[in-house]
Amino acid sequence: MTVALDKTKDQRLVHSGMSWQQFKLLQESFADSRGIRLAYYKGQVEILTLSSDHESISRMIAFLLCQYFLNEDIEFNPLGSFTQEKEQEVSAQADESFAIGSSTATSPDLVVEVIFTSGSDRKLTRYKVLGVPEVWFWEDGLFRLYRLRESGYDRIERSEVLPDLDINLLASCLMMASKVEALKAFQQAIAQA
């Protein structure tokens, strides 16, 4: 059985013409607001409210990836949705982010975005400025993976950060209705690989 998601609960508002200082004031005013993400790029502000379905998918991705790291004995630092910024130019909050190969690194090697509304192109632009090596978008039960190159992001079929991870297995486990069964199925599959 697969899960049915209500993608209409996420809401997105985009506003143009805001200075960095105005954005920082707005960011401060939302500091204690759970379930709201703010992003900024060259005067354009995006405010996203997150549904429980959005957060559920995001957390399950993190759980499954942590399970994979443990199984493969890969050091990592789960950075979650911390705010990444380049002063005066860009601010972004991923749904999930990870530093791979270190338990103390604070720059993500991998960012994961759950897309229920549009915006993946804008997000890639932000992450390019921030220098994030790999970005995954989960949308409609599938992953799209991107790797940063000199000219920008290229679409890739297999992760270069986690080359042995079966991305289709990860996607199928995310769509299972039972979270416990999803974790068990994923664990069993990666243990046998």
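In segment 175-187 there is no residue that is of a type outside the set (Phe, Trp, Tyr), open to solvent by 70 Å² or more (accessible area, probe 1.4 Å) and in a loop (DSSP other than H, G, I, E, B). If you take the residues in segment 13-36 that are in contact (Cβ under 8 Å) with a residue 24 or more places away in the chain and of a type in the set (Ser, Thr, Tyr), which one is most open to solvent (accessible area, probe 1.4 Å)? By that ranking, first place goes to 16. When segment 81-102 is filtered for residues that are open to solvent by 30 Å² or more (accessible area, probe 1.4 Å), polar (S, T, N, Q) and either assigned to a strand (DSSP E or B) or under 17 Å from residue 18 (Cβ atoms) (or both), the ones remaining, listed by number, are 83, 88, 93. From the set of residues in segment 174-193 that are of a type outside the set (Val, Ile, Thr) and closer than 20 Å to residue 98 by Cα, which is nearest to the chain's Cα centre (by Cα)? So the residue we want is 174. Looking across segment 161-174, the residues that are surrounded by 13 or more Cβ atoms within 10 Å (Cβ to Cβ) and more than 14 Å from residue 112 (Cα to Cα) come down to 165, 166, 169, 172, 173. On inspection, residue 98 qualifies as of a type in the set (Phe, Trp, Tyr), at pLDDT 95 or above, under 18 Å from residue 159 (Cα atoms) and under 11 Å from the mean Cα position of the chain (by Cα).
Scanning segment 103-131 for residues that are surrounded by fewer than 18 Cβ atoms within 10 Å (Cβ to Cβ) and of a type in the set (Asp, Glu) yields a total of 1. Reported count of residues in segment 141-155, each being exposed (fewer than 15 other Cβ atoms within 10 Å of the Cβ) and either in contact (Cβ under 8 Å) with a residue 24 or more places away in the chain or under 23 Å from residue 58 (Cβ atoms) (or both), is 4. Give the residues of segment 101-119 that are touching a residue at least 60 places away in the same chain (Cβ under 8 Å) and under 13 Å from the mean Cα position of the chain (by Cα), sorted by residue number. Hits for segment 101-119 are 114, 116, 119.
Taking each residue of segment 120-131 that is more than 13 Å from residue 147 (Cα to Cα) and modelled with pLDDT of 95 or more and looking for partners that are among the β-branched types (Val, Ile, Thr) and surrounded by 15 or more Cβ atoms within 10 Å (Cβ to Cβ) with beta-carbon atoms closer than 6 Å, six or more apart or interchain, yields 126/90; 129/90.
The values are calculated or read from the model by the stated rules, or taken from the named source; none is laboratory data. Keep in mind that what you see is a predicted model, and the values were worked out from it rather than measured. Neighbour counts are summed over all protein chains in view; Cβ atoms, including those assigned to glycine, are modelled from backbone coordinates with ideal geometry. The accessibility values were calculated without ligands, DNA or RNA, using every heavy atom of the protein model including side chains. Shrake-Rupley method; radii C 1.70, N 1.55, O 1.52, S 1.80 Å.
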